Structure formats: C-alpha cells, structure tokens
Amino acid sequence: MTSQGSNSRNWQNMHYDILVKIFMALRVTDLIFAVSKVCSSWRAASRDPVLWETLDLNVLLCNAFDILPSNSNGLSDGHSSWLNAMHILNNASILSCKTVKRLIFNYSIYLKDEHLVYAATRFPMVKHLALPPCNEITVDGFRSAIQWWKGLESLTVPFISNASSIIQVIGANCKNFSMLKVMFSFDLDFAMSLFMSIPELKVLSLRSSIVDKNALNLILTLMGSLEALNISHCLLGQIPRFPGPLLAIEQLDNFILGKASQLREFFTCQVQSCSICQFEYDDDNIFGWYEYDKGLWRDDEIRSLVF
C-alpha cells in the first residue's frame, strides 16, 4: 500500500512556468490576496512580468474594490471604495515591481486627482492608459500625474473636463504620444489644440462622439502624420461656437472622403444602417454615448485601441 505522504502532491514544487500559465487566468485580486501569499514559490511566480504587462481593473465588478482581506484595517466599508482601489494599486505595484505598461481603470469607479497621481507614482512605466468616464480630474492633477508618465503613448478617455488644456500637457511632456481615443464633443477648439500640441498624432478615434465638420476638415488637412481615424457611430454636424442647436449632417462631403481615403485606416458608418448608432439614440432621438455599457467602451474599430 502506498503511503499517504507519497501520494500527496506538493503544490509548492510545481514548475514555475506552469504556475505562471495558471496565474494568467486569475483576477488581479486573486494574485494579490490569495496565490501570492501561499508560499515563496507561488509568490515568485505571481511576480512574473508577463502577468503584469496589463493591469486591467475593469475586469473587476465595482463592488470588488470592497472585497479585501479581514486584516485590511477596516478598508472594506462601501464608503471607502476608492481607498480600496488604491490599496489594490499599491499591492499590485509591489508584485509587479512597477513594470505595468497598460493601465485600465475600472469603468464604474469615480476617479479624482489623488487617485490618478497615486497610480502614476506606483506605475511610472505605463505607456497605455484608459480612464473611466466618470472623473473629476483637473489640469493640475493631470499635470502632476504626467510627470511620472512621460513615456505615455496612448490615452483612452471617454470624458474629461478642460480637454484642450490636458492635450497641451500631454504634448509638452509625452514625446512618444501617438494614439488618442475620446468619446465627447470634438469641436474646432479641441481639434486646433490637438494640432498645435500633438501634430505627429498617428491614431485618433472619435467613436461615439459629436464631431464638428470643420474640426474634421482641420485634422484631415493639417495633421499629415495621421494614419488611422475612426468616426464610427458619431453624430456629425456643425457645432456652434456659441450656445445654439447642432446642425446635423447625414453624409460626408467629397472633400472629407477624399482626404480620409489617403489614410491607412478610416472607419465611418451611417445611422440608418448601424445598430450601434441606433442604440445611441434614445426615444426622443437625443444622442448619448454615455448609455454605452462597459463592453462597448472597451471596443474600437481600430484594433490598437481595443483593450
């Protein structure tokens, strides 16, 4: 008869590469609060750089930020969800040795300056950043964070205040910045700021935005480095410089189509035939990208912007 000891499997002796492959299927909270605490060999595997190339907080449910171990100094009350998120970020920075390249914030979390700066100090090597649609980030807060993220190459931001000023901050500090995705009104002022601050931009997605025709003309005419443009599911028109109604247009003119045809990638669609466009309009025919769920927010016709 074989003894129980000879039949038992010593999990801590499992091959390192196998552990890493298994751990790739786990959530960030599982890595932080479970497997990294099992034994020294599991902790070593949980720190492998391949596990931390992307820190995707969006895979967690909103209330997952309240699920912390019992010795977490009382951080698990609902009032402190944002503090729990910072606790997760801190532990992730320790395990990853600050090597995270792509940081995706949870779609439902409300982000403030202190959260963004906190993340920047712990993940200074981030090149690709995705911010949530609900935020209270100021220009000063973004400027403080970007001092740590001068290697930033792409930004996805559904909405942000003072967008033109923040684009100027990026242009002044991030010399390798080349990809931008926004989901708010793209007017002439913002287009001019983009051209003045980041003239070498290569990829621009305005997916599900309100896009001014003159702003579109400007970037297609002046931004010679632009390679890919996405205006799918957008409401196109003439945005007034002063308060007033939007004059919508249903078709692109030949000038825009001619300029866009010179790009490597150009994506557009028509409201009448696109189910996503139809989804964006409520019963009163009012355009609202904010009704997107977090799955559509992650998607894009430009593959390099999918996360």
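Just so it is clear, none of the values below were taken in a lab; they were calculated from the coordinates. All values reported here derive from a predicted model rather than from experimental measurement. Cβ: placed from backbone, ideal geometry, glycine included. Neighbour counts: every protein chain shown.
Which net charge results when you count Lys and Arg as +1 and Asp and Glu as -1 among the other residues whose beta-carbon is under 11 Å from that of residue 263? Please list the in-between numbers first.
Working: positive: 202, 259, 264; negative: 227, 265.
My count for the surroundings of residue 263 gives +1.
For the pair residue 249 and residue 176, what calculated FRET efficiency results from E = 1/(1 + (r/R0)^6), where r is the Cβ-Cβ distance and R0 = 30 Å, to the nearest 0.05? Don't jump to the answer; show the numbers that get you there.
Details: r = 35 Å, r/R0 = 1.17.
E(calc), rounded to 0.05, equals 0.30.
How would the range 94-205 be classified by its alpha-carbon gyration tensor: rounded, prolate or oblate, with rounded meaning a/c under 1.5 and the a/b versus b/c comparison settling the rest? Please report the intermediate quantities before stating the final value.
On the way: a/c = 1.73, a/b = 1.36, b/c = 1.27.
Prolate.
Work out the FRET efficiency for residue 18 and residue 200 from their Cβ-Cβ distance, taking R0 = 35 Å, and round it to the nearest 0.05.
For R0 = 35 Å, the calculated efficiency reads 0.20.
In nm, give the distance between the simple-model label positions of residue 150 and residue 26, each being 7 Å from the Cα along the Cα-to-Cβ direction.
About 3.6 nm separates the two model spin labels.
Let me know the shape class of the range 193-244, please: from the alpha-carbon gyration tensor, a ≥ b ≥ c as square roots of the eigenvalues, rounded when a/c is under 1.5, otherwise prolate if a/b is greater than b/c, or oblate. Mind showing how you got there, number by number?
Numbers: a/c = 2.37, a/b = 1.41, b/c = 1.68.
It comes out oblate by the Cα gyration axes.
For a test of the definition: using alpha carbon positions, the gyration tensor, and the 1.5 limit on a/c, classify the range 77-160 as rounded, prolate or oblate. Could the numbers behind the result be given before it?
Details: a/c = 1.57, a/b = 1.07, b/c = 1.46.
It is oblate, given that a/c is not under 1.5 and a/b is not larger than b/c.
Please give the length that would be gained between residue 296 and residue 59 if that part of the chain were fully extended, namely 0.36 nm times their separation in residues minus their C-alpha to C-alpha distance (nm, one decimal). If you can, show how the numbers build up before the last one.
Numbers: separation 237, 0.36 × 237 = 85.32 nm, distance 1.37 nm.
Length difference between fully extended and current span is 84.0 nm.
So if I take the centroid of the Cα atoms in the range 132-157 and the same for the range 160-212, what is the distance between those two points in Å?
Result: 13 Å between the Cα centres.
Along the charge dipole of the range 103-241, which of 109, 152, 165 sits closest to the positive end, that is, farthest toward it, with unit charges on the beta carbon of Lys, Arg, Asp and Glu (+1, +1, -1, -1)?
Working it through, the farthest residue towards the positive pole turns out to be 152.
Summing +1 for each Lys or Arg and -1 for each Asp or Glu, what net charge is found among the other residues whose Cβ lies under 12 Å from the Cβ of residue 174? Could the numbers behind the result be given before it?
Working: positive: 127, 143, 150, 175; negative: 153, 200.
Once all neighbours under 12 Å are counted, the net charge is +2.
Between residue 37 and residue 303, take the C-beta separation as r, use R0 = 35 Å, and let me know the FRET efficiency to the nearest 0.05. Intermediate values should be presented prior to the final figure.
Working: r = 37 Å, r/R0 = 1.06.
After rounding to 0.05, the efficiency reads 0.40.
Using alpha-carbon pairs under 8 Å, 6+ residues apart, how would you state the relative contact order of the range 127-271 in percent?
On the way: 285 pairs, mean separation 25.3, N = 145.
Computed value for the range 127-271: 17 percent relative contact order.
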